[in-house]
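Trainee: Here it is, the structure in full.
The values are calculated or read from the model by the stated rules, or taken from the named source; none is laboratory data. All of these numbers come straight from a predicted model, not from anything done at the bench. Backbone-built Cβ (ideal geometry, glycine too); neighbour counts: all protein chains shown. What goes into the accessible areas is simple: the full protein's heavy atoms, side chains included, and nothing from ligands, DNA or RNA. Shrake-Rupley method; radii C 1.70, N 1.55, O 1.52, S 1.80 Å.
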Amino acid sequence: MKKVFLIAVASLLITACGDNKTKKQKYLSDSNGNINNVSVVVDNNLWDGSVGEAIRSVLATVVDGLPQDEPMFNVNQIPPSVFSGFVTYNRTVLKIEQGKKASIKILNDVYAKPQRVVVISGPTKKDIINEVNTNSEQIIKAFKSEELKEKQRQISKSLHDVKPIEENLGLSIKFPTAYRIAKQDKSFFWIRKDIKNGTMNLMLYELPHDKIQQNDSVVNQIIQIRDSIGKEYIPGPSDGTYMITENAYTPFHFKTTLDNKPTLETKGMWEVKNAYMAGPFINYFIDDKAHNRWVVVEGFVFAPSVNKRDYMFELEAIIRSIKIE
């Protein structure tokens, strides 16, 4: 009987501990903040000096492929003395701690959820700057991945029906109902969204695998293909005008992965032949070896006289939701 009683008490204690853990998790507030805004928690004297310069050089690095210089992130500096309560709920936070061992920590859901907190420490200013510079790519990746997830979460609230895309291209992609399918045939889709100053656009199509040879001329091959697609499917405002790649800007080219598949990423500027229209584009050639093809997905924006970083970021978030069957 005594043994049974002890087992019952132990069970109650375990349950109580589990309940406390659940309650603790419930008390974590929802994070907030605009997309691509980072709170930097650092003393004023550090922010105004070389440490602040190092932080800004990383977080405010220029985004590739835009017509004007725009920073990767908007930065809001907060002194540690006022970093409490609602101020701690920003989705992305960089904390600087002087006087501790040199290190970098990337933490999740510290003050709110979802949240990404990067903590950089060092005994001296020089050590802190070294940690910032050495881990710059890691810092940007941590914050950008969190912001992409948040944008995709926002997009998922009202998704467009993609059944025609699934049936014709054998893939799915998540974009909101604010977009419309403007043009389609068996292997091509042009998807558009009207914005105050222009349009946001997506293209989806497939090509035989032998259309691209991965050698020193791969960028030129990609440009030739997108120019031919523009001529066939993306007309300009008058007869004889159509979208082409802007020759005055050398495209940025990277290797990446989408849907766990090797992918060629190209960023640059487009224009309309014989018309005064232009803007940025981001293009992905996804190596779909299983189906002996390239899946091509591209986002481009027409928004004259306004910043375009956030428009392009939305298109990238949509593109990165792609799933090939």
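Trainee: Per DSSP H run of at least 4 residues, take -39500 (n - 2.57); add these up for the chain, divide by its residues and hand me the 222 nm value, nearest 500 deg cm²/dmol.
Mentor: Dividing the helical sum by the residues of the chain leaves -10000 deg cm²/dmol.
Trainee: When the convex hull of the Cα atoms of the stretch 79-160 is projected onto a plane and the area is averaged over all directions, what value comes out in nm²?
Mentor: The directionally averaged projection comes out at 6.2 nm².
Trainee: If we count every other residue with Cβ under 15 angstrom of Asp210's Cβ, Lys/Arg +1 and Asp/Glu -1, where does the sum land?
Mentor: 0
Trainee: Between helix 125-134 and the chain, what is the angle of the helix's C-alpha long axis to the longest principal axis, kept within 0 to 90° and rounded to the nearest 10?
Mentor: 40
Trainee: Please report the relative contact order for the stretch 98-228, taking Cα pairs under 8 Å with a sequence separation of at least 6, and give it as a percent rounded to a whole number.
Mentor: Here the relative contact order equals 12 percent.
Trainee: Once both labels are modelled 7 Å past Cα along the beta-carbon direction, what's the Ala290-Met277 spacing in nm?
Mentor: Simple spin-label model gives 3.7 nm for this pair.
Trainee: Solvent-accessible area of Met277, probe 1.4 Å, all protein chains present, reported in Å² to the nearest ten, please.
Mentor: Accessible area, nearest 10 Å²: 50 Å².
Trainee: Under 15 Å from a point 7 Å along the Cα-to-Cβ line of Glu70: which residues of the stretch 284-314 have their amide N that close?
Mentor: 299-314
Trainee: Got a sec to turn the phi values of the stretch 189-200 into Karplus ³J(HN,Hα) couplings, 6.51 cos²θ - 1.76 cosθ + 1.60 with θ = phi - 60°, whole Hz, x for Gly and Pro?
Mentor: In residue order, the calculated couplings are 9, 10, 10, 9, 9, 7, 10, 4, 10, x, 9, 10 Hz.
Trainee: Sum up the charges of everything whose Cβ sits under 9 Å from the Cβ of Gln115, counting Lys and Arg as +1 and Asp and Glu as -1, but leave Gln115 out.
Mentor: Taking every other residue near Gln115 into account, the sum is +1.
Trainee: Run through the DSSP bridge list for the chain and note the antiparallel percent, rounded to the nearest 5.
Mentor: The antiparallel fraction comes to roughly 75 percent.
Trainee: A further question follows. In nm, to one decimal, how far is the Ser84 label point from the Lys157 one, both placed 7 Å along Cα→Cβ?
Mentor: Going from the Ser84 label point to the Lys157 one covers 3.2 nm.
Trainee: Could you give the angle, 0 to 90 degrees to the nearest 10, between helix 2-26's Cα long axis and the longest principal axis of the Cα atoms of the chain?
Mentor: 50
Trainee: Then there's this: Express the accessible area of the chain per residue in Å², computed with a 1.4 Å probe while the remaining protein chains stay in the model.
Mentor: 53
Trainee: Compute the distance in nm between two label points, each set 7 Å from the Cα along the Cα-to-Cβ direction, one at Asp216 and one at Ala60.
Mentor: Between Asp216 and Ala60, the simple spin-label model gives 4.0 nm.
Trainee: Further question on the same structure: Please compute the length gained on full extension between Asn45 and Leu28, using 0.36 nm multiplied by the number of residues separating them and subtracting their Cα-Cα distance.
Mentor: Taking Asn45 through Leu28 to full extension adds about 3.0 nm, to one decimal.
Trainee: Work out Dmax and Rg for the chain from the C-alpha atoms and quote the Rg first, both in angstrom.
Mentor: My reading of the Cα-based Rg and Dmax gives 24.2, 93 Å.
Trainee: Also, I was wondering about something else. Once both axes come from the Cα atoms, what is the angle between helix 309-319 and the longest principal axis of the chain, in degrees from 0 to 90, rounded to 10?
Mentor: Orientation of helix 309-319: about 90 degrees from the principal axis.
Trainee: Same structure again: Please give the peptides 178-188, 121-131 ranked by average Cβ packing (other Cβ atoms within 10 Å per residue), highest first, as a rough proxy for protection.
Mentor: Output ranking for 178-188, 121-131: 121-131, 178-188.
Trainee: Hey, another quick one. In whole percent, what relative contact order does the chain give with Cα contacts below 8 Å and a gap of six or more residues?
Mentor: Relative CO of the chain lands at 14 percent.
Trainee: In the chain, carbon and sulfur make up what percent of the accessible area (probe 1.4 Å)?
Mentor: Carbon plus sulfur share of accessible area: 51 percent.
Trainee: Under the definition of Cα pairs under 8 Å and six or more residues apart, what whole-number percent is the relative contact order of the stretch 178-224?
Mentor: 24
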